[in-house]
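To start, the structure itself, in structure tokens.
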Amino acid sequence: MIAQPQPHRSPIDPAAPLSVRDLTVTYDRKPVLWGLDYDAPAKGLIAVVGPNGAGKSTFLKATLGLVPLIGGTVRIFGKPVGEMRDRIAYVPQRESVDWEFPASALDVVAMGLYGKIGWLGRVTGKHKKTALEQLDRVGLADFADRQIGRLSGGQQQRVFLARALAQDAQVYLMDEPFAGVDAATERAILATLVDLQKAGRTVIVVHHDLDTVAEYFDHALVLNVRKIGDGSVADALSADILRQAYGGRLATAHLPDLARAG
Amino acid sequence: MENLLDILLFGGGYNTRLVMVGAALLGAAGGMVGSFALLRKRALISDAISHATLPGVAIGFLVAFWLTGSGRNLPIIIAGAALSGALGVLAVQWIKDNTRLAEDSAIGTVLSGFFAVGIVLLSWLQGLEMGGRAGLQGFLLGAVATMTVAEAELIAGLALAIVVVSLLLFKEFKLVCFDPDYAASIGRPVRFLDLAMMGLLLILVSIGLKAVGLILVIAIVIIPPAAARFWTERLSVMVTIAIGMGAVSAYIGAGLSAAADDLPTGAVIVLVQGAMFAVSLLVAPNRGAIAAVLRTRSDRRAYAAGTLAEPDMPDRGRYPE
């Protein structure tokens with residue numbers, strides 16, 4: 001049976017940075033997100049966790065309207081995403097683009113300003129200055145003119161981060177910003193996210209590494225096609241919820257106590 | 001040879017000059033549209049488009065014959081070619097969306113299927129007593145020698161329009177080619193922009209048939225941008241070089257073929273472009289093959305001599321790299 005909006009579903013929270021009801025997405029008839037209800041808290045860093053194929057990236061894409069919704073509603077501060085494009089910044093997975101593209105780091109960061117520049121406007125010196133400031137925030141000012149394919153994986157990740165920073169958005173949706181970066185860079189990116197959060201922005205991050213979720217994040221949304229749990233990391237990452245989301249695969253690696261208990 | 005030099009330096013008649021300028025604009029438009037096709041990884045679809053135009057060329061010829069009494073009517077044939085090419089693209093897209101066939105197989109199937117229909121129609125037309133049918137063969141290999149002033153003006157005008165529209169949408173095309181998901185996230189209509197790029201490619205291929213010919217028109221889309229990429233890491237420079245190479249090669253090719261009647265225009269243009277590509281591949285600084293060999297050699301020599309600078313470890317604050 002196709003899930004319909006149920007009467008018992010709570011209404012959209014117009015104050016929430018992101019509020020979704022009954023979010024359902026399929027790929028080729030196979031549901032990858034099923035009847036998801038979620039209200040993002042206004043304060044604190046939010047992690048989206050779950051096993052491979054749980055629909056974490058799809059969750060971000062669905063909220064942005066990048067994949068067709070089979071059902072459900074997405075609201076940003078109570079409004080449809082289409083009206084809030086200038087308030088949302090997206091950081092896609094690094095592997096989603098071809099880094100051989102003939103562009104410099106500065107070119108890519110300047111794309112974060114295209115929304116403000118408009119269709120027929122041109123990238124001017126003023127925009128380049130803004131883009132350079134954002135590159136400086138992620139420690140890449142010296143690499144502004146470098147072709148993006150000649151940057152390391154961690155540097156490419158930071159170029160994407162700088163492009164999102166250039167948008168000066170209210171809500172940041174990031175798909176695995178820590179993927180393929182070394183430990184020191186991971187800390188630095190985290191510090192930048194904390195800065196954003198302290199400045200009152202909402203930061204929602206798809207995160208792969210369960211070991212660091214509790215340390216890095218304040219809230220978590222645990223997915224496995226359905227929503228398995230959400231709330232503060234302590235609540236959302238309970239042994240019960242993790243077992244539901246990951247099944248037996250996780251038991252020995254992350255929940256030794258649980259495994260011993262049987 | 002004196003004759004050729006004369007023609008290249010605008011010594012030919014008004015007709016020849018106009019045809020050469022038209023060809024140059026066509027080549028420029030090919031370099032422009034081709035750059036985006038290459039970066040959006042759609043270069044091969046232009047081959048499907050060009051082969052899929054042939055039924056439209058034949059049908060356009062028939063329609064023109066019924067309407068005007070002569071099949072020789074470039075605007076109607078271009079319209080037919082563009083429509084038929086669009087059908088080809090839609091067919092590829094439909095197969096891709098609704099079956100598990102990969103895009104290259106879909107392109108190969110559609111390309112050869114449409115081409116076969118076109119060849120059958122064309123040989124049938126050859127057997128009929130219709131005015132202008134002799135010119136039809138020219139659409140396969142390209143022929144500027146028989147081009148009229150009006151035809152050259154039409155091609156030049158449409159080529160110029162392609163360049164102008166592409167320049168206006170340059171920034172948006174760049175964004176969609178690099179990161180379509182991000183473009184959609186900031187509210188850009190990616191489908192529409194893709195459609196616009198495809199539409200420009202369709203028009204370009206359709207107007208290129210007469211001068212370059214169906215079989216080789218893909219070359220003016222792919223070779224100049226591919227050659228230009230060797231010289232630069234910046235999109236604006238790459239597009240400029242591709243436009244320049246496309247224009248110069250088409251200008252020279254059209255001139256050569258006007259000087260010697262038995263040289264097919266399309267093949268000559270593509271030979272010039274091929275030479276430009278080979279030179280770019282070999283001698284371009286940084287990305288060229290020779291430069292790569294020399295770089296390794298000079299680094300080895302510097303390392304052996306102890307003059308290679310040690311890596312520095314600058315302090316960049318929060319970010320350690």
Exercise. Karplus couplings for segment A:186-194 from phi (6.51 cos²θ - 1.76 cosθ + 1.60, θ = phi - 60°), rounded to Hz, Gly and Pro as x?
Worked result: 4, 4, 5, 4, 4, 4, 5, 5, 5
Problem set entry | Karplus-derived 3J(HN,Hα), 6.51/-1.76/1.60, for each residue of segment A:129-136, Hz, glycine and proline x | 5, 4, 4, 5, 4, 5, 4, 5
Exercise. In Å, what Rg and Dmax follow from the Cα atoms of chain A?
Worked result: 19.0, 64
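Calculate the FRET efficiency for B:Leu9 and A:Arg146 from the Cβ-Cβ distance with a Förster distance of 60 Å, rounded to the nearest 0.05. Mind showing how you got there, number by number?
Numbers: r = 43 Å, r/R0 = 0.71.
Efficiency at R0 = 60 Å is approximately 0.90.
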Seminar exercise, completed: Nearest-0.05 FRET efficiency for B:Ala304 and B:Val149 at R0 = 51 Å, using Cβ-Cβ distance, is 0.20
Problem set entry | Cut-off under 5 Å, modelled amide H: who pairs with A:Val203 long-range | A:Ile46, A:Tyr172
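So what is the accessible area of chain B per residue, in Å², with the probe set to 1.4 Å? Please report the intermediate quantities before stating the final value.
Details: 14550 Å² over 321 residues.
Per residue, chain B has 45 Å² of solvent-accessible surface.
Distances longer than 29 Å among the Cα atoms of segment B:2-304: what percent of all pairs is that?
In whole percent, the long-distance tail amounts to 38.
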Problem set entry | Over 19 Å [Cα-Cα, segment A:68-123], rounded percent | 50
Problem set entry | With every protein chain in place, the protein assembly as shown: carbon and sulfur % of accessible area (1.4 Å) | 61
Seminar exercise, completed: On complex formation of B with A, accessible surface lost, both sides summed, probe 1.4 Å, nearest 100 Å², amounts to 3600
For this session: Could you grab the relative contact order for segment A:50-207? Cα pairs under 8 Å, six or more apart, rounded to a whole percent.
Result: 28
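Within chain B, which DSSP H helices have Cα atoms that stretch 18 Å or more along the helix axis and a mean Kyte-Doolittle hydropathy of at least 0.5?
Numbers: long enough: B:14-39 (38 Å, 1.32); B:54-68 (21 Å, 1.97); B:74-98 (35 Å, 1.27); B:103-126 (34 Å, 1.26); B:149-168 (28 Å, 2.28); B:190-212 (32 Å, 1.95); B:217-229 (20 Å, 1.99); B:235-259 (36 Å, 1.69); B:265-283 (27 Å, 2.17); B:289-304 (23 Å, -0.17).
The qualifying helices are B:14-39, B:54-68, B:74-98, B:103-126, B:149-168, B:190-212, B:217-229, B:235-259, B:265-283.
Report, for the protein assembly as shown, the % of DSSP beta bridges that are antiparallel, rounded to 5. Don't skip to the end; give the middle numbers.
Numbers: 18 of 34 bridges.
The antiparallel fraction comes to roughly 55 percent.
What FRET efficiency, computed as 1/(1 + (r/R0)^6) with R0 = 35 Å and r the Cβ-Cβ distance, is obtained for B:Ala79 and B:Leu167, rounded to the nearest 0.05? Before the final figure, lay out each step's value.
Values: r = 25 Å, r/R0 = 0.70.
That pair, B:Ala79 with B:Leu167, gives E of 0.90.
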For this session: Using a 1.4 angstrom probe on the protein heavy atoms only, line up B:Trp94, B:Trp231, B:Trp124 by accessible area, largest first.
Result: B:Trp94, B:Trp124, B:Trp231
For this session: Tell me the Kirkwood hydrodynamic radius of the protein assembly as shown in angstroms, computed as one over the mean inverse distance between distinct C-alpha pairs.
Result: 27.1
Exercise. Once you treat every alpha carbon in segment B:70-183 as an equal point and sum by Debye, what is log10 I(q)/I(0) at q = 0.10, 0.16 Å⁻¹?
Worked result: -0.48, -1.03
For this session: Return the residues of segment B:26-71 for which accessible area with all protein chains present is lower than in the chain on its own by 30 Å² or more; set the probe to 1.4 Å and exclude ligands, DNA and RNA.
Result: B:Leu39, B:Lys41
Seminar exercise, completed: Placing each pseudo-label 7 Å from Cα in the direction of the beta carbon, A:Asp28 and B:Ile119 end up separated by a distance in nanometres of 3.5
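The values are calculated or read from the model by the stated rules, or taken from the named source; none is laboratory data. No experiment lies behind these values; they were computed from the predicted model shown. Don't worry about glycine lacking a Cβ; one is built from the backbone with ideal geometry, like all the others, and counts go over all protein chains shown. Note: areas computed on protein heavy atoms with side chains; ligands, DNA, RNA excluded. Shrake-Rupley method; radii C 1.70, N 1.55, O 1.52, S 1.80 Å.
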